[in-house]
1. Show the residue pairs meeting these rules: Cβ distance below 8 Å; 6+ apart or different chains; first residue within the stretch 118-131 and under 22 Å from P22 (Cβ atoms); second residue among the aromatic types (F, W, Y) and within 16 Å of the ligand (Cβ to nearest atom).
2. Evaluate the stretch 186-195: report whether one residue or more is free of Cβ contacts under 8 Å to residues at least 60 places away in the same chain, closer than 12 Å to A149 by Cα and open to solvent by less than 30 Å² (accessible area, probe 1.4 Å).
3. Can you find, within the stretch 47-73, the residue that is nearest to the ligand (Cβ to nearest atom) among those that are on the phi < 0 side of the Ramachandran plot and at pLDDT 90 or above?
4. Restricting to the stretch 143-160, what's the tally of residues that are more than 16 Å from the ligand (Cβ to nearest atom), open to solvent by 10 Å² or more (accessible area, probe 1.4 Å) and outside any helix (DSSP H, G or I)?
5. Which one is least open to solvent (accessible area, probe 1.4 Å), of the residues in the stretch 161-179 that are of a type in the set (K, R) and in a helix (DSSP H, G or I)?
6. Within the stretch 20-42, work out how many residues are more than 9 Å from the ligand (Cβ to nearest atom) and polar (S, T, N, Q).
Amino acid sequence: MASVNHLRVSYSGSASSPGQFPRDGLPEVAFLGRSNVGKSSLLNALVGARGLARVSGDPGRTRLVNFFRVSGAERPGGAGRADLYLVDLPGYGYAKAPREVRDRFESLATSYLAGRPPLRLCVLIVDARHEPSEGDEALTAWLDHHRLAYVVAANKTDKLGRGEVARRAQSLVRGLARTARAVVPVSAERRTGIEDLWNVVRGAAFATLAAREQGQ
Ligand code: GDP
């Protein structure tokens, strides 16, 4: 997993309103999913950074949009290195949260997703063991409506046998993830599938850059 372990990552800040999103135009890849699905664990597994672990473990930050800058990420096809942001969106599906609190989380996440030109890809994290929730279904329909590209990361596969992982992935491809670019089985805990996910992330982040340069 050399390409994953060598990443340099720094916390760039948290936004509570769109005016606080970065303005430097670097490509962004957003991570979203129901709370408790393992979003923080997966981000930590991807970048292996202590600072990130600390930030995403802070309960106050789970309501904000958090930006992490990855420096010198390898672009696909040996095309050198470049920077991108991994964006940690608030978790959804807080069943016990009051309606107005839920609405506030959702409005910040949707104002990010619906109006963010640097956004290249969304990574929707689901629990590989469970059927998708209504919230997951509503979200993929919403992403399609807004023509946002997404992949599904099926986490916690360490809790399943190998055959079951393949069956669950197939069922996602036919169901929730039928409009996704890919379904990537992962385990944040065992760190399996992490390099596959990273390759999808950097491929999407730098795709337009590579295409533009080839056209020159
Ligand atoms: P978040 O709310 O989506 O950020 O979820 P967390 O990263 O805080 O994880 C929620 C719980 O799921 C914690 O108890 C984690 O230890 C556990 N968890 C996260 N990823 C995995 C995984 O790949 N496998 C297993 N078995 N547990 C996981």
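1. Close Cβ pairs satisfying both conditions: C122/F31; V123/F31.
2. No, because not a single residue in the stretch 186-195 is free of Cβ contacts under 8 Å to residues at least 60 places away in the same chain, closer than 12 Å to A149 by Cα and open to solvent by less than 30 Å² (accessible area, probe 1.4 Å).
3. Filtering the stretch 47-73 for residues on the phi < 0 side of the Ramachandran plot gives 47, 49-71, 73.
Filter again for at pLDDT 90 or above, leaving 65-71, 73.
On the way: V65: 14, N66: 11, F67: 16, F68: 14, R69: 20, V70: 19, S71: 23, A73: 22 Å.
For the stretch 47-73, the residue satisfying everything is N66.
4. Selection size over the stretch 143-160: 4.
5. R168
6. Of the residues in the stretch 20-42, 1 are more than 9 Å from the ligand (Cβ to nearest atom) and polar (S, T, N, Q).
The values are calculated or read from the model by the stated rules, or taken from the named source; none is laboratory data. Treat the numbers as computed from the prediction; the structure is a model and nothing was measured. Every residue, glycine as well, gets a Cβ built from its backbone with ideal geometry; the counts of neighbours run over all protein chains shown. Side chains included, ligands, DNA and RNA excluded: accessible areas come from the protein's heavy atoms. Shrake-Rupley method; radii C 1.70, N 1.55, O 1.52, S 1.80 Å.
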